[in-house]
1. Through the Karplus equation 6.51 cos²θ - 1.76 cosθ + 1.60, θ set to phi - 60°, convert the phi angles of the stretch 222-231 into ³J(HN,Hα) values in whole Hz; use x for Gly and Pro.
2. So how tilted is helix 115-129 from the main axis of the chain? Cα-based, degrees 0 to 90, rounded to 10.
3. Picking from GLY422, GLY464, ALA402, whose Cα lies most toward the positive end of the charge dipole for the chain (charges on Cβ: Lys, Arg +1; Asp, Glu -1)?
4. Kindly provide the helix-only [θ] at 222 nm of the chain, computed as the sum of -39,500 (n - 2.57) over DSSP H runs of four or more divided by all residues, to the nearest 500 deg cm²/dmol?
5. Projecting each Cα onto the charge dipole of the stretch 239-398 (Lys/Arg +1, Asp/Glu -1 at the beta carbon, about the Cα centre), which of LEU368, HIS347, ALA315 comes out farthest on the positive side?
6. Over 43 Å, how big is the tail of the calculated P(r) for the chain, in percent of all Cα pairs?
7. On a 0 to 90 degree scale, rounded to 10, what angle separates helix 338-353 from the longest Cα axis of the chain?
8. Go from 0 up to the bin containing the longest alpha carbon distance in the stretch 193-267, width 5 Å each, and give me the % of pairs per bin.
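Taken together, the values in this text are just the output of simple stated rules run on the coordinates, not laboratory data. The shown structure was predicted, so the numbers you read here are calculated from the model rather than taken from an experiment. When we count neighbours, we look across all protein chains shown, and the Cβ atoms used for this are built from the backbone with ideal geometry, even at glycine.
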Amino acid sequence: MTGPGVVPLRNPRKLFIDGAWVAPSTDALIDVVSPATEEVYFSTASAQVADVNRAVAAARTAFDEGPWPRMSHAERAGYMTEMATELEARAADIAAIWPNEMGILHSMASAFAPGAGGFFRYYAGLADSFSFEEEHCTVSGAKVGLLVREPVGVVGAIIPWNGPIMITCFKVAPALLAGCTVVIKGSPEAPGHALLMAEVAEKVGLPKGVINVVIADREASEALVSNPDVDKIAFTGSSATGQRIASILGGRMARYTLELGGKSAAIILDDYDAEAAARELAARECDMSGQVCASLTRVIVPRHRADSVAEAIGAHFAQVVVGDPFDPATQMGPLATRIQRDRVEGHIARARADGFRVVAGGGRPRHLERGFYVEPTVFAGVDNAAAIAREEIFGPVLVVIAAEDEQDAVRIANDSPFGLNGSVFTNDVDRAYAIARQLRTGTVGHNGHFVDFTIGFGGFKQSGVGREGGVEGLLSFLETKTVLLGGHPSHIV
């Protein structure tokens, strides 16, 4: 069953700690508001500091004393494969929750939802192929040198509201294979997928304390970061919050991976069809209403083509059907929250005041009387030094920036505090590769918006620390240890 208002969760007002659904320490609730209707979708328990500490204690005991880290990788992979099957069985539930919480189109949520289980299958497959122990030559005087990779320990996984199920999987699946135990801190704006993950863990009989789930606001969330029993934080969110987390963890040398914001550039070279590039960029910016950290929001083009590209993007934006995310005819839904809409509108107002030209959009859709909607918007004639070109907006807003030549385009693209994604639009693959190697950013695509979590995803500069996905994403949940022995242990032939 799917549709507006459907809540396919069994225990939204409880916390999942130490393998059981438990009552929170207070009666405090968080109201989850549907962005399309502005009505309460459901209410969930608001974890307090005491609840977060209880969850951490459960994860600590499970790591220090429980069976999970002591299982073989193959044994853990067996549980993960069962979790993958259960996640795939609940794809319709995942797709039902997602639009009701943050406004993604139901059609897009339905396409993405089955992939959640795929990440668990991928990492389960690494149990057989990844080298968790390697024999090395040694000059130490020992006869045998081993490099072993062991779990980092208790992980706090802090999940944002825009892509909660996928981002939870990016963090939890490699952590479980490594042998870590996890406290998932779900977003108060979009907690449904974190609660669903707890139901999956319960269904497959995951040992108690291996996965714990709490939904918490800022104070309790900071308690998770500050708790000395947490060995690593895996965070996705804003760069400002990431800086705060890093500063806290630095005080005790705790580990962290931070997947943060972006202001990614699309460079359109002089040999590429402007209309084709405009069509691709306009379509992808409407995905999730622009609430995607890797969005290509700065469009850098030769000066003589800047106005024509801006007009082409504007023409596509003007045709976008904005509305109910459950309506099959809708091409873009609302922003996730009132606060987010206000923030996006503030950026638009400032760019107008700075004198940049609105080619399309710039306001709220007139036919929608409620919901957190903003029209897809494109500005022309933007200076790369302006706030609209430097700050992450996290909404459907593109800026077109003129470059004098190819070298200037690369300079402009790199002149940003962020470095998450990028793309080069050209018919010449060698030019695309050459420019890609010059861009200071974690991913570079060719003729489109691309990311690949089977290889690795993350950023340079203020876009984060570390990578998620692929083998790179597994390494961050492991500590390396050198073992020097006077002979071969019995398990090594």
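1. With the stated coefficients, the stretch 222-231 comes to 5, 5, 5, 5, 7, 5, x, 7, 9, 7 Hz.
2. Helix 115-129 sits at roughly 50 degrees to that axis.
3. GLY464
4. The per-residue figure over the chain is -11500 deg cm²/dmol.
5. Of LEU368, HIS347, ALA315, it is HIS347.
6. When all Cα pairs of the chain are counted, 18 percent exceed 43 Å.
7. 40
8. Reading the bins upward from 0: 3, 13, 20, 19, 18, 13, 8, 4, 2, 0.
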